[in-house]
Amino acid sequence: MPKCGKTVASGTLNRRGFIKAVGALSVIGATATASAKAEPPIPIIDSHIHLFDASRPQGAPYKGPKEFVSHISLPGPYRKLAKPLGIKGAIAVEASGWVEDNLWLLEAAQTDAIMVGVIGRLPPNQTEFPEYLERYHKNPLYRGIRINIGSRNHLLPELENAAVVDNLRLLAKADLVLDTANPSIELLQTIVRVNDLVPELRIIIDHLPAMDPAAGEISTYSSVLEEIRQRPNLFVKLSEILHRVNGNVATDLVSHKERLDYLMRIFGEDRVIFGSDYPNSVGTATIGEVVGLVKQYFATQPRSVAEKYFWKNSLRCYKWVKRTAEQPGSAGTTAGNRRS
């Protein structure tokens, strides 16, 4: 995920101020039973990876973190890393703001059946939005768009423009989703406003565990999440759990469990989705560490809850394309069953 927005890192994840603001948090679910251990592994759909190729003549506006030295992220190499971890499919989220890269992303995803969906980038404030949306979503792999909300990209004031709201309604009418980048107080407030205006639109908050609210933001953060809790079409990716705080990365579950419990309480078992954020995660954590941490966390939940997180909720929200027999779900519940 390109760091267009700014998150605030302030202290450890178990800060006393944060605990006091959100209150005592209860652990969701129950310890897995011995019989559950004998069940087959839960298949995983990775709902958040990035594809790009900076070696193209035109380059690429985003080419991964500095530690990702190849600056090329394509489905084949990702598959080699993902399959041993139980990942059966992935959704590419566009990191490029170039409109033409919506087509490039679709073409790259089409080459490998591990790719079950694509989230493009189309600014809803542009007059060409309806034309582009109609063109791209004819491909069943196209499952929605992503918007950035940062210091130089404010959507909230533009929601006063009827044409922008009409474009978001077109997105909902096409049965597509709105992904959002770079969690912040402003982004969360904007999401609530969009939901007020277009309640039928499914909206996904990416990487919310990476948001470390400053002391002065905690009350507002808790309040807006309580508002979001009541809105069933607002989902969250429990992704970027492993992130830098004051330059350090805590890789143990204990450091993150309290925040995960809190977000599970807010969104519930039906609105949480897995995403690795590969290769943006390179330099912070390996994809194995990312998957291992959430497997450890959801091992304490009933299997039905883990299945929702690892693939069922993404299918319900994105309605991604089942392209191989090993991918979970049935063809009748997806956007199609087209193979590359």
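The residues of segment 172-207 that are of a type in the set (A, V, I, L, M, F, W, C), within 14 Å of the chain's Cα centre (by Cα) and at pLDDT 95 or above, listed by number, are Val177, Leu178, Ile203, Ile204, Ile205. One residue stands out in segment 198-234 among those that are part of a helix (DSSP H, G or I), among the aliphatic types (A, V, I, L, M) and touching a Pro at 6+ places or on another chain (Cβ under 9 Å): the one that is surrounded by the most Cβ atoms within 10 Å (Cβ to Cβ), namely Leu208.
Results for (1) part of a loop (DSSP other than H, G, I, E, B); (2) modelled with pLDDT of 50 or more; (3) surrounded by 16 or more Cβ atoms within 10 Å (Cβ to Cβ), shown as yes or no for each residue.
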residue	(1), (2), (3)
Ile19	no, no, no
Ser26	yes, no, no
Ser35	no, no, no
Ile42	yes, yes, yes
Asp46	no, yes, yes
Gln58	yes, yes, no
Gly64	yes, yes, yes
Ser70	yes, yes, no
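Select, from Asp270, Asp277, the only residue that is under 24 Å from Arg79 (Cβ atoms) and either surrounded by fewer than 22 Cβ atoms within 10 Å (Cβ to Cβ) or within 17 Å of the chain's Cα centre (by Cα) (or both).
Working: Asp270 fails: under 24 Å from Arg79 (Cβ atoms).
Within the list Asp270, Asp277, the selection yields Asp277.
Just give me the residues in segment 177-207 being of a type in the set (S, T, N, Q) and either at negative phi or touching a helix residue (DSSP H, G or I) at 6+ places or on another chain (Cβ under 7 Å) (or both), in sequence order. Break it down into steps so the answer makes sense when it comes.
Going residue by residue through segment 177-207, those that are of a type in the set (S, T, N, Q) are 180, 182, 184, 189-190, 195.
Result: Thr180, Ser184, Gln189, Thr190, Asn195.
For the criterion of being on the phi > 0 side of the Ramachandran plot and without any contact (Cβ under 8 Å) to a residue 24 or more places away in the chain, Gly247 passes.
Of everything listed in (1) in contact with a helix residue (DSSP H, G or I) (Cβ under 8 Å, 6 or more places away or on another chain); (2) over 21 Å from His48 (Cβ atoms), the single unmet condition for Glu269 is (2).
Name the residue that is surrounded by the most Cβ atoms within 10 Å (Cβ to Cβ), counting only residues in segment 250-259 that are over 17 Å from Val224 (Cα atoms) and touching a helix residue (DSSP H, G or I) at 6+ places or on another chain (Cβ under 9 Å). Before the answer, list the steps.
Narrowing segment 250-259 to residues over 17 Å from Val224 (Cα atoms): 250-258.
From what is left, the residues that are touching a helix residue (DSSP H, G or I) at 6+ places or on another chain (Cβ under 9 Å) are 250-253, 256-258.
Working: Ala250: 16, Thr251: 16, Asp252: 9, Leu253: 16, His256: 21, Lys257: 19, Glu258: 17.
Per the criteria, the residue is His256.
The values are calculated or read from the model by the stated rules, or taken from the named source; none is laboratory data. Nothing here was measured: the structure is a model prediction, and the numbers come from that model. Backbone-built Cβ (ideal geometry, glycine too); neighbour counts: all protein chains shown.
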